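Trainee: There's a structure below that I have some questions on.
Each reported figure results from applying straightforward, stated rules to the coordinates on display, with no laboratory input. Given the structure is predicted, the values throughout are model-derived calculations rather than measurements. Cβ placement follows ideal geometry from the backbone for every residue including glycine, while neighbour counts extend to all protein chains displayed.
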Amino acid sequence: FAGGGVGGGNDFQWCFSQVKGAIDEDVAEADIISTVEFNYSGELLATGDKGGRVVIFQREQESKNRPLSRGEYNVYSTFQSHEPEFDYLKSLEIEEKINKIRWLPQQNAAHFLLSTNDKTIKLWKISERDKRAEGYNLKDEDGRLRDPFRITTLRVPVLMPMDLMVEASPRRIFANAHTYHINSISVNSDHETYLSADDLRINLWHLEITDRSFNIVDIKPANMEELTEVITAAECHPHQCNVFVYSSSKGTIRLCDMRAAALCDRHSKFFEEPEDPSSRSFFSEIISSISDVKFSHSGRYMMTRDYLSVKVWDLNMENRPVETYQVHEYLRSKLCSLYENDCIFDKFECCWNGSDSAIMTGSYNNFFRMFDRNTRRDITLEASRENSKPRAMLKPRKVCTGGKRKKDEISVDSLDFNKKILHTAWHPKENVIAVAATNNLYIFQDKIN
Amino acid sequence: MAGAEGDDSLYPIAVLIDELRNEDVQLRLNSIKKLSTIALALGVERTRTELLPFLTDTIYDEDEVLLALAEQLGSFTVLVGGPEYVHCLLPPLESLATVEETVVRDKAVESLRKISQEHSPVDLEVHFEPLVKRLACGDWFTSRTSACGLFSVCYPRVSSTVKAEIRQHFRTLCSDDTPMVRRAAASKLGEFAKVLELDYVKSDIIPLFTALASDEQDSVRLLAVEACVSIATLLPQEDLEALVMPTLRQAAEDKSWRVRYMVADKFSELQKAVGPEITKNDLVPAFQNLLKDCEAEVRAAAANKVKEFCENLPEDSRETIIMTHVLPCVKELVSDTNQHVKSALASVIMGLSTILGKDNTVEHLLPLFLAQLKDECPEVRLNIISNLDCVNEVIGIRQLSQSLLPAIVELAEDAKWRVRLAIIEYMPLLAGQLGVEFFDEKLNSLCMAWLVDHVYAIREAATCNLMKLVEKFGAEWAQNTIVPKVLSMSNDPNYLHRMTTLFCINALSEVCGQEITTKHMLPVVLKMASDQVANVRFNVAKCLQKIGPVLDSSALQAEVKPVLEILATDQDMDVKYFAQEAISVLTLA
């Protein structure tokens, strides 16, 4: 397992490619990355941050002049998606933090994405302009006004080439449909609807209609004191437009079929793993809460992330996951202190690689984990500036789990719990990954041996 | 035409052209809307060589500007030099047909369809048809969806080889990868079928129809239901059973409620398209199933169609089918668990009485009406009340009045003001049907009670209601029954009620006529001019302005003018303002 090849069939190693964001030690809160998402082709990569900004990176075309630069990602467009707001009726501050970004399938030369904060979802169009109109009737080239009585001929403006300009414009604003905080948005495979989920409800929207959405799941009890679980994530099936899943804070996942009824308060499948009574503790319920759920590209499986593990479920088997991967089992003995510093409530996300053969999710100390589903091999890597020479190979990391600490191992006690990797994304076709570490975005690529 | 000599008539056109690029969307929009003026000034040649190329690349603009542009280009043929040059309009419309905004794309397609008629058969094949092909083979699905709407306009006018190509393109789009395109194709399937030769309908369209109707995405399948209507109309009766009915049966029992909903929603059209025999054998059981569907949305859609479905049943067996097949389901729906279903039914159920006649109505329908009049949901009761006229014709409303009255009273006092508002709006209708005696006896007091409702919208509607009642029952009735009550409110301690008197007078003066207005209303209004509340005083001024035209000039001069003059010197700004306005409008100065 030299260097570890988690990814495609070939054995390869992960190399550093790029790092984005400031190097400063003291990080501005607004710069902390809160979501990362590749578009369908992988040519664009979007990040959202706590300051309400969306930054889009575009992959450079491979150039013959610089054979070594294998498609680096450079800033394509930056825009302020959400602003801080204040709900005067409820005396509530609404943060500008971008909770999720989802790309729409490409429909014409422009690109579209949905971005959301706690309350409002926005549809953005990112388009290019490379022509500019020239020639006015009432003023000359320098902008001086002409004498209106001296106009003897009419000039029709002519389009001239100009430097490429990328514009981001808000196309639709989907507001006022969520009482609680939005945790997920997911575009449906019918290309015309999407769902948005908050703690207690899931709404279905038409992408062209902003003043109306349909409530498809509502788990709010009549009496809020009876509340025992909340919705933590929701996603549409990648191919079947009638199927979606949502996960709960109790560690269960419900699959609903929108064909069956207009209101999906009765699920068609219920995924739950029976609890092991021997490992039951005060923290059992907290750590079993699902922080993310993702369908595989094939649509056959889904993956869920809870505090200590990642589970892969076959949609045809509800009683237990087909695969379970421990992300940082060594933290099980530390749950008490992780509860005290609130880390136990961190919401780690997870993602599939393009062929569904590997999965990735984050951990603490700027570590992230990858699991190869075929070989069952796993690897821990670190997003760090220390080894940030172009094409430098990433060294696998190891956390010492009791006993004597070997060379190159890190003891659990020296892990930095402030450096957490919550958001990662995997290029849909290639072995390129984007890893958000606080305010930095790392991009790693494979190097085939 | 563009003149050579210094000519200030060019100035407004120059402004319009420059404003095509103004920063202000509104100005750009104005310019686009006057595009024909610009084109006229430029002349046909410059329009073709300069204006259109510029517009072709102007697709970066706001949707509303693009929408206006797409619309303008549809009637631009004359401005580019007539049908001979109409193909010059294709490039800008082609680029508009690929934008992401559906409304813009649809408008561009609409304009393309329009100008396709102005192409000569040769131009259609040389210019138009290649455009359709380009769109149909475009990389982005926006262009492919637009193509779907263009096949049917070229098909009838091209050679048979091109026809074959067009059919092929349509086939390809029906199995496109993206559901967007398949939906566009499915929604144009019926329209395309209409222009195809019958043989090709059978050999091409039917397989496509069958495939779309069993698409994996229910959003596509439900559109096939619509196509089903047009296709069924095209085929001879003997082919329907084999070619259409299997698909229709399957749709009526689809796993997805949205597809079944569509079947229910289109039921009357389907019924007409397939004819009486198939209706009797197939649609009646299908309709029963839809009325008993497990999804409330489907039941509601089917319930909405009950009357139309029954109306369109073949006459010879209509009554039997209704009595034995439909009515049992309807009876169950009356006590449905879902209020939308019940209220959908309530909005059409009364219509059955005309179809079934007096005896059946009394025996079978009346109990249902009465049950719905007592329904817990106000919307159900309202829907019954709003359709009373159908029953009135058949059995007379008196049969119902015993139950009607409590229902009305209850709605009139409902805690939700919107419900009260809705019932007020039906009062004039009810009054007309129940007659003046019944009204005076039972409903008059309700109408007066609304005048002092604590919600303004109700008081306002009650005022308007009085006017409509007077229109029905006449001025004399007004003088005896409502005017005294209205006027007595002018002494109410609550200023809002005093104002209601004024609002009522505003509404009633015209229908009551000069005599009543001068004799009874005017003195009260004038007396209120010294009210201590300023809002009342300025409403006096407004009221006088309103009723002025009804009064004769002596009353105006002798009574209205002095009062307005006093009000015009009132301490309160608003009172002054409205008094002065009244003086000038009534020309009393």
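Trainee: What do you get for Rg/Rh of the protein assembly as shown when both radii come from the Cα atoms and Rh is the Kirkwood radius?
Mentor: With Rg and the Kirkwood Rh in hand, the quotient comes to 1.03.
Trainee: Positive end of the charge dipole of region A:138-179 (Lys, Arg +1 and Asp, Glu -1 on Cβ, about the Cα centre): tell me which of A:ASN176, A:THR152, A:VAL166 has its Cα farthest that way.
Mentor: Looking along the dipole axis, the top candidate is A:ASN176.
Trainee: Once you list every other residue whose beta carbon is under 15 Å from the beta carbon of B:SER317, what net charge do they have if Lys and Arg are +1 and Asp and Glu are -1?
Mentor: Cβ neighbours under 15 Å give a net charge of -4.
Trainee: Related question: Ignoring GluC sites (Glu not before Pro) that are buried or in helix or strand per DSSP, and keeping those with at most 15 other beta carbon atoms within 10 Å, what is the longest stretch of chain B between them?
Mentor: Here the longest segment lacking exposed loop sites spans B:414-589.
Trainee: Could I ask something else about it? Can you tell me, using C-alpha contacts under 8 Å and at least 6 residues apart, the relative contact order of chain A as a whole percent? List each step's numbers first, then the result.
Mentor: Numbers: 1080 pairs, mean separation 71.1, N = 449.
16 percent.
Trainee: With runs of 4+ DSSP H residues as the only contributors, calculate the mean residue ellipticity of the protein assembly as shown at 222 nm using -39,500 (n - 2.57) per run, divided by the residue total and rounded to the nearest 500.
Mentor: One gets -11500 deg cm²/dmol as the mean residue ellipticity at 222 nm.
Trainee: Here is a follow-up. Per q in 0.11, 0.15, 0.24 1/Å, what log10 I(q)/I(0) does a Debye calculation on the alpha-carbon atoms of region A:20-127 return?
Mentor: One equal scatterer on each Cα of region A:20-127 leads to -0.41, -0.70, -1.27.
Trainee: Also, I was wondering about something else. Which residue, chosen from B:ALA534, B:HIS497, B:LEU556, occupies the Cα position most advanced towards the positive end of the dipole of region B:474-588, where the dipole is computed from +1 (Lys, Arg) and -1 (Asp, Glu) charges on Cβ about the Cα centre?
Mentor: Towards the positive end, the residue furthest out is B:HIS497.
Trainee: Between Rg and the Kirkwood Rh of region B:474-588, both from Cα atoms, what is the Rg to Rh ratio?
Mentor: Dividing the radius of gyration by the Kirkwood radius yields 0.95.
Trainee: Of B:LYS188/B:LYS292; A:LYS294/A:LYS447; A:LYS122/A:LYS420; A:LYS100/A:LYS122; A:LYS97/A:LYS420; A:LYS20/A:LYS119, which sit over 20 Å apart, Cα to Cα?
Mentor: Details: B:LYS188/B:LYS292 31 Å; A:LYS294/A:LYS447 27 Å; A:LYS122/A:LYS420 28 Å; A:LYS100/A:LYS122 11 Å; A:LYS97/A:LYS420 17 Å; A:LYS20/A:LYS119 28 Å.
Result: B:LYS188/B:LYS292; A:LYS294/A:LYS447; A:LYS122/A:LYS420; A:LYS20/A:LYS119 exceed 20 Å.
Trainee: Compare the Cα positions of B:LEU508, B:ILE166, B:PRO12 along the charge dipole of chain B (+1 at Cβ of Lys, Arg; -1 at Cβ of Asp, Glu; about the Cα centre) and return the one farthest towards the positive end.
Mentor: Farthest towards the positive pole: B:LEU508.
Trainee: Ok, one more. Place a point 7 Å from the Cα of B:ASN22 along the Cα-to-Cβ direction; which residues of region A:137-178 have their backbone N under 16 Å from it?
Mentor: Only A:137-139 pass the distance filter.
Trainee: Give the long-range amide H neighbours of A:ILE94: residues separated by 5 or more places, or on another chain, with amide H under 5 Å away, using H modelled in the peptide plane at 1.01 Å from N.
Mentor: Under 5 Å from the amide H of A:ILE94: A:GLU85, A:PHE86, A:ASP87.
Trainee: Using a ≥ b ≥ c from the Cα gyration tensor of region B:58-153 (square roots of the eigenvalues), is it rounded, prolate or oblate, where a/c under 1.5 gives rounded and otherwise the larger of a/b and b/c decides, a/b for prolate?
Mentor: Oblate shape, in that a/c is at least 1.5 and b/c is the bigger or equal ratio.
Trainee: Work out how far the C-alpha atoms of chain A reach from end to end along every principal axis, then list the three figures in whole Å, largest first.
Mentor: Principal extents (largest minus smallest coordinate, Cα): 94, 58, 40 Å.
Trainee: A further question follows. Hey, with R₀ at 35 Å, roughly what FRET efficiency would B:SER120 and B:LYS33 work out to, going by the Cβ-Cβ distance, to 0.05? Spell out each step's value before the answer.
Mentor: Numbers: r = 30 Å, r/R0 = 0.85.
The value I calculate is 0.75.
Trainee: If Lys and Arg each add +1 and Asp and Glu each add -1, what is the summed charge of the other residues whose beta carbon sits under 15 Å from the beta carbon of B:ASP570?
Mentor: Once all neighbours under 15 Å are counted, the net charge is -2.
Trainee: Collect residues whose amide H, placed 1.01 Å from N in the peptide plane, falls under 5 Å from the amide H of A:ILE231; neighbours closer than 5 in sequence don't count.
Mentor: A:LEU200
Trainee: So what is the diffusion coefficient of region A:109-242 in µm² per second by Stokes-Einstein at 4 °C and 1.567 mPa s, using a Kirkwood Rh over Cα pairs?
Mentor: 69 µm²/s
Trainee: Can you check what the net charge comes to around B:PRO83, using other residues whose Cβ is under 10 Å from the Cβ of B:PRO83 (Lys, Arg +1; Asp, Glu -1)?
Mentor: -3
Trainee: Same structure, new question: Suppose a student asked you for the relative contact order of chain B, using Cα pairs under 8 Å spaced at least 6 residues apart; what percent would you report? Don't skip to the end; give the middle numbers.
Mentor: Details: 723 pairs, mean separation 29.2, N = 589.
Answer for chain B is 5 percent.
Trainee: Return a whole-number percent for the relative contact order of region B:474-588, with Cα pairs under 8 Å and 6 or more residues apart as the contact set.
Mentor: Averaging sequence separation for qualifying contacts and normalising by length gives 23 percent for region B:474-588.
Trainee: With a bin width of 20 angstrom, please list the P(r) values of chain B as percents of all Cα-Cα pairs, from the 0 bin to the one holding the largest distance.
Mentor: With 20 Å bins starting at 0, P(r) equals 16, 28, 34, 21, 1.
Trainee: Calculate the length of the line joining the C-alpha centroid of region A:254-305 to that of region A:386-449, in whole Å.
Mentor: That distance is 28 Å.
Trainee: Give the long-range amide H neighbours of A:GLN13: residues separated by 5 or more places, or on another chain, with amide H under 5 Å away, using H modelled in the peptide plane at 1.01 Å from N.
Mentor: The answer is A:LYS447, A:ASN449.
Trainee: Another question about this same structure. Between region B:347-402 and region B:319-340, how many Å separate their Cα centres?
Mentor: One Cα centre to the other: 14 Å.
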